[in-house]
Amino acid sequence: MPSTVATASTVSVRAPDAPSSSTALRVTSQSFGEGSDIPLDYVFKGCGGRNTAPQLSWSGAPDGTKSYAITCFDPDAPTGSGFWHWLAFDIPAKVTWLEASDGDDASPKRGRTATNDYGMTGYGGPCPPKGDGKHRYIFTVYALDVEKIEGASDKLHGATLVFMMRGHVLAQGSLTAKFGH
């Protein structure tokens, strides 16, 4: 299960055993910027969006990186444990960017996807309850020391996938954006 560090204004989710001294990955997006609002293209269809997975790029992976994983997590969801929107893994080490694409897309470049908290595989964009204010959506890229996460499948959920990465995270970086009705 991911460890959570809370302060009065922030919540940070990280993979267990992620090296604290490692260089962080730099994560950027042409779809939206750090701290900005998420455009409707990347919002869940049930909230009036197109549910397109955003474009993401990353750099700064350390030597020994053999694959990447990507998560999108909403720590502000009124569930008591947040909400996992996207779980991609086994992304080849040579891949350092993903184009904006249909959230149901699975390809060798994108790797594999696990089950998000909507109960579907692939990307499920933001859709917080109306009147709940803006939620934060944390897109995290993990550099891993394994080509494939042993035992991982599309049936996994967020906490389990992050637990399975335990001990394999070489570096990570995040991009946080917001959405609310």
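The values are calculated or read from the model by the stated rules, or taken from the named source; none is laboratory data. Values in this document were obtained by computation on a predicted structure and should not be read as measured data. Positions of Cβ are backbone-derived with ideal geometry, glycine not excepted, and every protein chain shown enters the neighbour counts.
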Restricting the first residue to region 111-122 and requiring it to be within 20 Å of residue 67 (Cβ to Cβ), which pairs with a second residue that is among the small types (Gly, Ala, Ser) meet a Cβ separation below 6 Å and a spacing of at least six or different chains? 111/88; 113/88; 113/106; 113/122; 116/124; 122/103
Select from region 53-71 the residues that are out of contact with any Leu (no Cβ under 8 Å at 6 or more places or on another chain) and closer than 20 Å to residue 134 by Cβ and list them in ascending order. 54
Cβ contacts < 9 Å: first residue in contact (Cβ under 8 Å) with a residue 24 or more places away in the chain, restricted to region 32-47; second residue exposed (fewer than 13 other Cβ atoms within 10 Å of the Cβ), any location; separation 6+ or different chain. Result? 47/130
If the requirement is being in contact with a Pro (Cβ under 9 Å, 6 or more places away or on another chain) and either surrounded by 14 or more Cβ atoms within 10 Å (Cβ to Cβ) or on the phi < 0 side of the Ramachandran plot (or both), which of these qualifies: 89, 179? 179
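Conditions tested, residue by residue: (1) among the polar types (S, T, N, Q); (2) closer than 16 Å to residue 31 by Cβ; (3) in contact (Cβ under 8 Å) with a residue 60 or more places away in the chain.
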| residue | (1), (2), (3) |
| --- | --- |
| 133 | no, no, no |
| 137 | no, yes, yes |
| 147 | no, no, yes |
| 157 | no, no, yes |
| 166 | no, no, yes |
Sort through 162, 146, 169 and tell me the only one that's more than 22 Å from residue 49 (Cα to Cα) and within 12 Å of the chain's Cα centre (by Cα). 162
Report, by residue number, each residue of region 100-138 that is under 15 Å from residue 51 (Cβ atoms), modelled with pLDDT of 95 or more and either touching a helix residue (DSSP H, G or I) at 6+ places or on another chain (Cβ under 6 Å) or not in a loop (DSSP other than H, G, I, E, B) (or both). 125, 127, 137
Suppose the filter is modelled with pLDDT of 95 or more, touching a strand residue (DSSP E or B) at 6+ places or on another chain (Cβ under 9 Å), surrounded by fewer than 19 Cβ atoms within 10 Å (Cβ to Cβ) and among the basic types (Lys, Arg); does residue 148 pass it? yes
